[in-house]
Amino acid sequence: MGFLDGLWRGRESAFDSGNAATNAIELTKRQSQVSLTRQGAATGHLRINLSWRMRTSDLGGTQRESLLRHPFKALKPPEVVGHSQSMVNVDLDLGCLYELQDGTKGVVQPLGGLLGDANGPPYVKLSGDDRFGSGSGETMYVNLDHRENIKRLLVFAYIYDQTPAFDRTQAMVTLYPSSGPRIEIGLDERHPQARSCAVVMIENVKNEILVRREVRFVYGFQAELDRLYGWGLQWGRGYKSKAGR
């Protein structure tokens, strides 16, 4: 098993963010697959973004009070929820299981600092770890100029810390090809105890790059996703270093 041999060594790369067209392709159960090759978007850097946010009711834990008992509360402006302590525990992570054409397999994820490499194997690079669900979320890049070396990529999301269910995080994974419309996959299905979700599979099938919606929730973590898709990696417990914020 070749895990991450070419980790990012601090060199900068000018990523193509893609042409975020005003229209978007939403992958659903009915329309679950799209070909980047047929859209002329199977080159350059494919940007993959995971964004999420919490509803105010999930953060504050307060219940609505009767306006009959407190009539002047209707005139009070809503509180602005900042990065309070409750926000620190809202932590979704973006990751990717990869298999290359030469049989090399591994994972790109924040845990263990396995951030990957866009210019060398596995041709997947995670830009960093967003622990607070900011507007930018977490972003990963796939270098499709090396698509002939890629066999399949399983993009997944998991709940690292004590986040409520996926359907309450309003999580969204968006793919931005080098050209054409963005591709959106919502993670809003109700699976109250799920800790991980296989979001999308990117496959090289006879030199055609296909993007297929998965959205399969599991109650474990990466090892369970591995078993589900037959990756065959060895897994151990991992932790993050403390956030320097």
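No lab work stands behind these numbers, since they all come straight from the coordinates. Given the structure is predicted, the values throughout are model-derived calculations rather than measurements. Positions of Cβ are backbone-derived with ideal geometry, glycine not excepted, and every protein chain shown enters the neighbour counts.
Compute the length gained on full extension between Arg227 and Arg30: take 0.36 nm times their separation in residues and subtract their Cα-Cα distance, giving the result in nm to one decimal.
68.4 nm
Based on the Cβ-Cβ distance from Arg190 to Asn23, what FRET efficiency comes out when R0 is 30 Å, to the nearest 0.05?
Efficiency computed from Cβ-Cβ geometry: 0.60.
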